[in-house]
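The values are calculated or read from the model by the stated rules, or taken from the named source; none is laboratory data. These numbers were taken from a predicted model, which means no experiment stands behind them. Note that each Cβ is placed from the backbone with ideal geometry, even for glycine, and that neighbours are counted across all protein chains shown.
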Amino acid sequence: MNETKNTFKDADPKLLKTVTGKIFAQHLAKGALKPGEEIGIVIDQTLTQDATGTVAYLEAEVLGIDRARTELSVSYIDHNTLKMDHKNADDHDYLQSVAAKYGLILSKAGNGICHQVHLERFARPGKTLLGSDSHTPTAGGIGCMGIGAGGLDVALALGGEPFYLKTPKIVGIKLTGKLKPMVAAKDVILEVLRRLGVKGGVGKALEYFGPGVKTLSVPERATITNMGAETGATTSIFPSDEVTLDFLRCVGREEQWIRLEADDDVEYDEVIEIDLGKLVPLIAKPHSPGDVVPVSEVAGIKVNQVCIGSCTNSSFKDLVTAAYMLKGKRVKPEVSLTVSPGSMSVYYELAERGYLADLIAAGARILECTCGPCIGQGQAPRSGAVSVRTFNRNFKGRSGTADAQVYLSSVETAVSCALTGVITDPRSMGELCEIPMPEKLRMQPALIVEPPDSEEARKVELIRGPNIKPIELRGELPEKVQGTVLIKLEDNISTDIIMPAGVYLPLRSNVPEYAKHVFEPVDPDFYRKAKEKNGGFVIAGENYGQGSSREHAALCPSYLGVMGVIAKSFARIHLANLINFGIIPLTFKNSDDYDRVAPDDELQLDTAALDSSDLVVKNLTKGIEIPVQHSMTPSEVMRIKAGGTLAYISRHKL
């Protein structure tokens, strides 16, 4: 693949010299490879997790998909594993029956976090992976193009349809030098976030190159690509080189290695240079992954809780680092320390080699191999607590405690905080010795279920518990839509705010029930207002819908009759989800017009005008017209008029 010739006469020749462009070129189904142009790419692999997967497969049923048409698809159960009542257990049985019927590999509860397991077992250099989770770009650490999307897009890819996106600009991130002791890969991506912020990556792919790349292992690279999602980037990727080969050899898949690197004369749309040797330990302050400062700037703040794990930092290397730092020591009595291994294979190796004993002896609580605290499933801090986490998001309330102060850091910084009881620069703890990596990381198969052959699959009956409700389709748009402004929101509203997770995750399969909690963190009365007004409009600021890929943040408002969202700008995945479920996404042509709309204003839109990218919304209450615009393609406009992608395709069938 490294010698791909430019056979795409309409392609941007610069793009074809990049790793990203080479993979796009090998998978191009429709469109021209030019930044900003819509393309359709063939998807080799898909992944879902249970919080998004149940609805994705319900959508696949609506679409008439009966068998996976990808090279490989995996259904992971890693979010809702506590089984506090029948709801989670019912979802798990449904997912197991779906996997058997559709020809999917099933990763059962306890086997690990989807991104860590996929990196170890399935992700391959040069392949495309579409996942119903925003952190799917984790696979970029192994040279696999991972893209996060809504569940409907994944269902379509499962059925063999191309995935459509706008060709991103390619940002080359040049790494030089080598990380100093107690400075980690997490600090690299925190530095990228410090420079780009939480929306600086929108419309872009982040591609890492330069001599510093060779100094980073695949797990370290995966930490960096994982958290690139917080910049809003479409994907993040490293080359596939000898370091990649070493990792694949470690997990018993060396035959899957290919060399995949950018050309020597590569030119990127933009270049960011980072000297690894000049980095210092960094930390993201509450309540944004983009609010990054040196750890030394906030040192001394009392810490109540430390959580190590998540799809960002739960690899064997991460947890052995924690074990080495904790060995023979004890966590401060006033600090609660939890550790979540990223996979059963990592957990097994920790136990086999004695590292688990070191963690336990120091006072760490060992949690199941799941997302756990990162998604608000347990370990909520006490009120007003400071929690230092090796996770990727620290949005207000995401931890389960509304007034908790959550900081994001490397494992080295997190352990230092657990040992001292205050935020501590890990360099003050001395140097850490070289972490020994095993020659083989033995893959544990006990919780992996392979699908039956197609003949046996036909006999499988799908199992539906009482909490699993079918997806309701939206009708076609009328010639005019008119409704009340139900809520007005600030910048950087996350999908955690639109559709809270935590204790409500068991309702993901039941849209009518889950919809009762739309915008609950900021307006507990929203559900009542939306029902009384028979829907309406949402007004928002910049970067609306950042964070998780959860399509429920569009699906549930759609169920409540929300007709459109008018924002200053949108996050990529949420924008696609709004179109999928028939909610018109508009942006203010002049950002100052945001101030000309208030809650309870009555708005009207002529839907025929959607054929133009520039149109007006009438504010009937104030008697004014507000110029707005959209970025939808003609195909997307057609789908939005039909009531959304799901409604359109279900009526035309695949």
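Quick look at the numbers
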| quantity | calculated |
| --- | --- |
| Hits in segment 307-331 (condition: among the hydrophobic types (A, V, I, L, M, F, W, C) and within 24 Å of Ser134 (Cα to Cα)) | Cys307, Ile308, Cys311, Phe316, Leu319 |
| Filter result (within 30 Å of Glu472 (Cα to Cα) and not in a helix (DSSP H, G or I)) within segment 31-56 | Glu38, Ile39, Gly40, Ile41, Val42, Ile43, Asp44, Gln45, Thr46, Leu47, Thr48, Gln49 |
| Some residue of segment 459-473 being assigned to a loop (DSSP other than H, G, I, E, B), over 28 Å from His118 (Cα atoms), more than 30 Å from the chain's Cα centre (by Cα) and modelled with pLDDT of 90 or more | yes |
| Residue that is more than 19 Å from Ser549 (Cα to Cα) and at pLDDT below 95, where the choices are Val62, Val42 | Val62 |
| Top-ranked residue of segment 101-143 - restricted to ones that are in a helix (DSSP H, G or I) and closer than 15 Å to Val154 by Cβ, ranked as farthest from the chain's Cα centre (by Cα) | Tyr102 |
| Hits in segment 123-135 (condition: buried (at least 24 other Cβ atoms within 10 Å of the Cβ) and either more than 18 Å from Ala554 (Cβ to Cβ) or not polar (S, T, N, Q) (or both)) | Ala123, Pro125, Thr128, Leu129, Leu130, Gly131, Asp133, His135 |
| Single condition Leu28 does not satisfy, out of (1) at pLDDT 95 or above; (2) more than 30 Å from Tyr504 (Cα to Cα); (3) in contact with a helix residue (DSSP H, G or I) (Cβ under 9 Å, 6 or more places away or on another chain); (4) not acidic (Asp, Glu) | (3) |
| Residue in segment 612-630 that is part of a helix (DSSP H, G or I) and out of contact with any Phe, Trp or Tyr (no Cβ under 8 Å at 6 or more places or on another chain) present | no |
| Ser314 in a loop (DSSP other than H, G, I, E, B) and outside the structural domain of Ser548 (by TED's automatic domain parsing) | yes |
| Members of segment 337-357 found to be surrounded by fewer than 21 Cβ atoms within 10 Å (Cβ to Cβ) and either under 26 Å from Ile189 (Cα atoms) or touching a Cys at 6+ places or on another chain (Cβ under 6 Å) (or both), listed by number | Thr338 |
| Conditions (1) at negative phi; (2) assigned to a loop (DSSP other than H, G, I, E, B); (3) buried (at least 18 other Cβ atoms within 10 Å of the Cβ): number failed by Gly582 | (1) |
| Identity of the residue in segment 589-608, closer than 28 Å to Glu476 by Cβ and in a helix (DSSP H, G or I), that ends up farthest from the chain's Cα centre (by Cα) | Ala608 |
| Residue selected from segment 299-313 under the condition aliphatic (A, V, I, L, M) and either crowded, with 24+ Cβ neighbours inside 10 Å or in contact with a Lys or Arg (Cβ under 9 Å, 6 or more places away or on another chain) (or both), by the criterion nearest to Ala229 (Cα to Cα) | Ile308 |
| Test result for Thr420, surrounded by 13 or more Cβ atoms within 10 Å (Cβ to Cβ) and over 27 Å from the mean Cα position of the chain (by Cα) | yes |
| Candidates Leu158, Leu193, filtered to the one that is crowded, with 23+ Cβ neighbours inside 10 Å, under 27 Å from Gly210 (Cα atoms) and not β-branched (Val, Ile, Thr) | Leu193 |
| Filtered residues of segment 73-95 (kept if of a type outside the set (Asp, Glu) and surrounded by fewer than 19 Cβ atoms within 10 Å (Cβ to Cβ)) | Leu82, Lys83, Met84, His86, Ala89 |
| Matching residues, segment 493-511, being on the phi > 0 side of the Ramachandran plot and at pLDDT 95 or above | none |
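Residue-wise test of (1) touching a residue at least 60 places away in the same chain (Cβ under 8 Å); (2) in contact with a Ser or Thr (Cβ under 6 Å, 6 or more places away or on another chain).
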| site | (1), (2) |
| --- | --- |
| Leu279 | yes, no |
| Ala284 | yes, no |
| Glu297 | no, no |
| Ile301 | yes, no |
| Val306 | yes, no |
| Asn313 | yes, yes |
| Asp318 | yes, no |
| Leu337 | yes, no |
| Val346 | yes, no |
